[in-house]
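**Q** Got a structure here, written out as structure tokens. Questions coming.
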Amino acid sequence: MMRRRTTWLTGCTALVLALGATACGGGEPVAAGGGDQALGGQTVTVAGVWSGSEQKNFQKVLDAFSEKTGAKTQFVSTGDNVSTVVGSKIEGGNAPDVVMVPQVGVLQQFAKNGWLTPLSPTARKAVDGNYAHVWKNYGSVDGTLYGLYFKAAHKSTVWYSPEALTQAGVEPPTTYADLLKAGHTVSDSGLAAFSVAGQDGWTLTDWFENVYLSQAGPAKYDALAAHKLPWTDASVVRALGTLAALFKDEQLVAGGRKGALNTDFPGSVEKVFGPEPAAGMVYEGDFVAGVAKDQFGRTIGQDANFFPFPAVDGGKAPVVSGGDAAVVLKDGKNTKAGMALLEYLATPEAAAVWAKAGGFLSPNKALDLASYGDDVTRATARSLVGAGDSVRFDMSDQAPAAFGGTKGAGEWKLLQDFLRDPSDPKGTAAALETAAAKAYKG
């Protein structure tokens, strides 16, 4: 990692780390720290949903921060119920310093609970200079910027085994109808078409959102995300019906619906890219690449590739995104060092650490695309950053956590129930509206 000299200014946050940022609102631009060990003896605790290869790769970023500043770091994996876990830690007097928040709705909940510290001037300047406005908007509550989006996701990607599609004699499709047609051809060649991670409810929300954005259009997508449109709307029933055509087709889904409900996200990737493939394709975000590469030794672009989620019923191909925002908790034991970590995460230097490891996209426009390890990831990153403010953020991540971000409840559970029995789209829409109305009111 390139070393850079650190400039210190009296009264600043513990360390000025934003590349090219003006320290404390004035003076000359400063560079990232160069290993001064300024935070030696201090520990920054970080909580986040990541596990497996994602946690391993984020630890590399934390290690780079430690090397630069001398601060120790401790990462605690919360599992999917980040809001519940963090709330319990705050109540117990053991709040982490930094939380990597995976849902906009959870960030808003934390801010309204009075748990968050606004970003420092250094971090705000980095966001203003190097991020599309959409990322600042999603990190803000009532005009105050609390969240720094360090890791983004391109959630409109269908990953496939080139060998499987070649053997079946099919090309990557550009329409949803052709996707199902290609799936049947793959199935006829001996593999199931799709590996579906139904054990993780969040993957099913992503399926719905891509279908809905393309089929219903961005205006209705925004309205539904804000619950200004009820889930009983005909457009929702139609999208669920479109998904039902896939879910109920035992020929298309590896292991059928029962098998899908017993498959988690890493397992869904394994069924396509593991040593004993059971399916030719798996839909999920760009982070599939990290699992395929790290756990199964696949070379991205050669024996693992993707095509954009295809357009549905004549609509435009969807571009759904998501991301993890770093926030500093007021009740943490070391908030100043926590803010120093956020200032580091705002630099392209920090993003480059994970970009090199794979399974990562950064919304930071200052990150050199050469930092990514393969052409496929570079193309995905270019697409995401180039889309600017036109992308749509993951709908479930914008919802209150009780509806869009809690395991075994709300949208996650209801879509799992729908996968188990997709025969009644209208009834599922009504159940979704009941759960949404309660969560948004609360």
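Since every read-out is calculated from the coordinates, none of them should be taken as a lab result. Model, not experiment: these values are computed from the prediction. Reconstructed Cβ throughout: ideal geometry from the backbone, glycine too, with neighbour counts over all protein chains shown.
**Q** Extending each Cα 7 Å along its Cβ direction at residue 423 and residue 368, get the distance between those two points in nm, one decimal.
**A** Going by the 7 Å Cα→Cβ label model, 6.0 nm.
**Q** Also, quick follow-up: With a 10 Å radius around each residue's Cβ, average the other Cβ atoms per peptide and rank 256-263, 169-176, highest first. Don't skip to the answer; put the middle values down first.
**A** Numbers: 256-263: 18.4, 169-176: 16.4.
Most protected by this proxy first, the peptides run 256-263, 169-176.
**Q** Give me, ordered by chain and number, the residues 5 or more places off residue 75 or on other chains with an amide H under 5 Å from its own placed amide H.
**A** The list, which skips near neighbours in sequence, is 46.
**Q** Right, another one. Taking the structure as given and computing semi-axes √(5λ) of the Cα gyration tensor in Å, which label from (1) 34, 31, 21; (2) 37, 25, 19; (3) 33, 26, 20 fits?
**A** (2)
**Q** Per residue of the range 60-67, in order, report the coupling 6.51 cos²θ - 1.76 cosθ + 1.60 (Karplus, θ = phi - 60°) as ³J(HN,Hα) in whole Hz, putting x for Gly and Pro.
**A** For the range 60-67, the Karplus-derived couplings read 4, 5, 4, 5, 5, 4, 5, 4 Hz, x marking Gly and Pro.
**Q** Ok, one more. For residue 302 and residue 379, calculate 0.36 nm times their separation in residues minus their Cα-Cα distance, and state this gained length in nm to one decimal.
**A** Numbers: separation 77, 0.36 × 77 = 27.72 nm, distance 1.44 nm.
In short, 26.3 nm is gained.
**Q** Another question, if that's okay. Among 201, 117, 147, whose Cα lies farthest out toward the positive end of the dipole of the range 97-227, if unit charges sit on the beta carbon of Lys, Arg (+1) and Asp, Glu (-1)?
**A** Farthest along the dipole direction, towards plus: 117.
**Q** Give me, ordered by chain and number, the residues 5 or more places off residue 322 or on other chains with an amide H under 5 Å from its own placed amide H.
**A** Long-range HN contacts for residue 322: 153, 155, 394.
**Q** Could you state the number of Å between the C-alpha centres of the range 126-159 and the range 274-319?
**A** Each part's Cα centre sits 24 Å from the other's.
**Q** Short version: ³J(HN,Hα) in whole Hz for each residue of the range 85-92, in order, from phi by Karplus 6.51 cos²θ - 1.76 cosθ + 1.60 (θ = phi - 60°), x for Gly and Pro, what are they?
**A** Once θ is set to phi - 60°, the couplings for the range 85-92 become 5, 5, x, 5, 5, 5, 4, x Hz.
**Q** Another one. Which lysines have a Cα less than 29 Å from the Cα of residue 72, not counting those fewer than 8 places away in the same chain?
**A** Once the sequence-local lysines are set aside, what remains near residue 72 is 56, 60, 89, 125, 136, 151, 293, 330, 333, 336, 356, 365.
**Q** Return the sequence-ordered ³J(HN,Hα) values of the range 168-179 in whole Hz as given by the Karplus equation 6.51 cos²θ - 1.76 cosθ + 1.60 applied to θ = phi - 60°, using x for Gly and Pro.
**A** 7, x, 10, 9, x, x, 10, 10, 5, 4, 5, 4
**Q** Based on Cβ point charges of +1 for Lys and Arg and -1 for Asp and Glu, what charge dipole magnitude is obtained for the chain about its Cα centre, in debye rounded to the nearest 20? Walk me through the numbers on the way to the answer.
**A** Details: 39 positive and 44 negative charges, 214 e Å.
That gives a dipole near 1020 debye.
**Q** Order 428-438, 142-152, 350-360 from most to least packed using the mean count of other Cβ atoms within 10 Å. Spell out each step's value before the answer.
**A** Numbers: 428-438: 18.5, 142-152: 20.5, 350-360: 22.8.
Most protected by this proxy first, the peptides run 350-360, 142-152, 428-438.
**Q** Restricting to DSSP H runs of at least four residues, report the calculated mean residue ellipticity at 222 nm for the chain, -39500 (n - 2.57) per run over all residues, nearest 500 deg cm²/dmol. Write down the numbers at each step before the final one.
**A** Values: 20 runs with 203 residues, N = 442.
Taking each H run of at least 4 residues, the total per residue is -13500 deg cm²/dmol.
**Q** Take residue 72 and residue 316, extend 7 Å from each Cα along the Cα→Cβ direction, and tell me the distance between the two endpoints in nm.
**A** Placing both labels 7 Å along Cα→Cβ, they lie 5.1 nm apart.
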